[in-house]
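The values are calculated or read from the model by the stated rules, or taken from the named source; none is laboratory data. The structure displayed is predicted, hence computed values, not measured ones. Glycine also receives a Cβ, built like all others from the backbone with ideal geometry; neighbour counts cover every protein chain displayed.
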Amino acid sequence: MATKIDYYAVLEISRDASGDEIKRAYRKLAMKYHPDRNQGDDEAESKFKEINEAYDVLKDEQKRAAYDRFGHAAFEGGGPGAGGFDFGGGGLGDIFEQMFGDMMGGRRGGGGRRAGADLQVQVTITFAEAFTGVKKKITVPTRVICESCDGTGSADKDQQPETCPSCHGAGKVRAQQGFFFVERPCPTCHGSGHLIRNPCKECQGTGTVEKNRSIEVAIPAGVEDGTRIRISGAGEAGGKGVPAGDLYVHVAVEPHPIFQRDGANVYCRVPVRMGQAALGTEIEVPVVDGSRTKVKIPAGTQTGEQFRLRGKGFSVLRSSARGDMYIQVVVETPRHLSKQQRELLEEFEGDAADHAKGSPESTGFFSKVKDFFEGKL
Ligand SMILES: [Zn+2]
Ligand SMILES: [Zn+2]
């Protein structure tokens, strides 16, 4: 695990910053590094995660106290309370989050914040595009940060959302039922942890609006039918500085009329006339990259024999390796013979004994058939 930066340094505040100062610093930085404003910028994305993590701890008085005392260790391996149920460090809140967090819809807890929803889209590309790689513009209907209120949800941008009086910003309330405490989302603020007095009209106070977004997706060379590409942070906006979801692009590759694919290898069935296969020849074959190349077909080539063209297949994803191309020969028997062709073939067929050497397979097969009828096999 990489060394963690001090949470106060992450939010660029002093160690004695007030709750309001923390909130202001967080909002300013979250806006700046929000994935919606920094699409495809990995550095901004990790910075955004850092900011959220730091804020998650420092906004909570109990967690902040634990952090001041134990540093990052307070939240690693279950914190100082792990194993011993030492309520002194992480406090009751953390224990509850550990016990109920997953049940209540995510460990993020602290205010009912959740990441934006993940989105799925399907993109169909041609066989040739899968070979070269391609950039595709796709339109994704999604929720994005409301520009009218900068994602605050408040009609008056300068008016900070008020902390919910019922849950004091926790987003959930606890009630004792017999022996147990039961936690549920706060009914006053619907789990958001705060109230907006004058909601933004564009987004009805949610901080996000529905919008068609156009995203360019780089589909790498060598992609296979059914591949799923994840673009982190390109899903639905989470609203109010919460991380966006991810976008999953499912790639479908159209079949090709003359090429078949198996992994990185490409197969092409090439018909060769009976005479060519018997005498030997050189044929010109197509390559997936659009070029053509010559292949020597030696005399006596049979149907099903294949010839390898090294490195003429697909790129292997995340590697510099390439597959091969295989030319699969199919010997074609002539139909609709002319009179002259027929005579030549009849002459060629002539004496069966002449074929014993040239057609070892048929000779071998028919001698086995003879044995079979004679009861020897
Ligand atoms: Zn509330
Ligand atoms: Zn709005």
Which residue pairs have Cβ atoms under 7 Å apart, sit 6 or more places apart or on different chains, and have a first residue in segment 115-126 that is surrounded by fewer than 18 Cβ atoms within 10 Å (Cβ to Cβ) and a second that is acidic (Asp, Glu)? Ala117/Glu236; Asp118/Asp246; Thr124/Glu254; Thr126/Glu254
Pick from segment 131-147, criterion surrounded by 14 or more Cβ atoms within 10 Å (Cβ to Cβ) and within 16 Å of ligand 2 (Cβ to nearest atom), ranking: modelled with the highest pLDDT: Cys146
Does any residue in segment 208-233 that is within 11 Å of Val140 (Cα to Cα) and within 16 Å of ligand 2 (Cβ to nearest atom) come within less than 6 Å, Cβ to Cβ, of a residue that is among the β-branched types (Val, Ile, Thr) and assigned to a strand (DSSP E or B) six or more places away or on a different chain, and which pairs are these? Lys211/Val144
Looking at segment 192-265, what strands (runs of 3 or more DSSP E) fall wholly within it and have at least 1 residues that are under 30 Å from Glu162 (Cβ atoms) and more than 12 Å from the chain's Cα centre (by Cα)? 208-219
Residue check, Val288 against (1) farther than 29 Å from Ile229 by Cβ; (2) among the aliphatic types (A, V, I, L, M); (3) assigned to a loop (DSSP other than H, G, I, E, B), all met but one. Which one? (1)
Hey, any hits in segment 275-283 for a residue that's under 34 Å from the mean Cα position of the chain (by Cα) and not β-branched (Val, Ile, Thr)? no
Counted residues, segment 174-207 - those being touching an Asp or Glu at 6+ places or on another chain (Cβ under 7 Å) and more than 16 Å from ligand 2 (Cβ to nearest atom): 1
Output the residues belonging to segment 145-196 that are within 22 Å of Ala244 (Cβ to Cβ), within 16 Å of ligand 1 (Cβ to nearest atom) and among the aliphatic types (A, V, I, L, M). Ile196
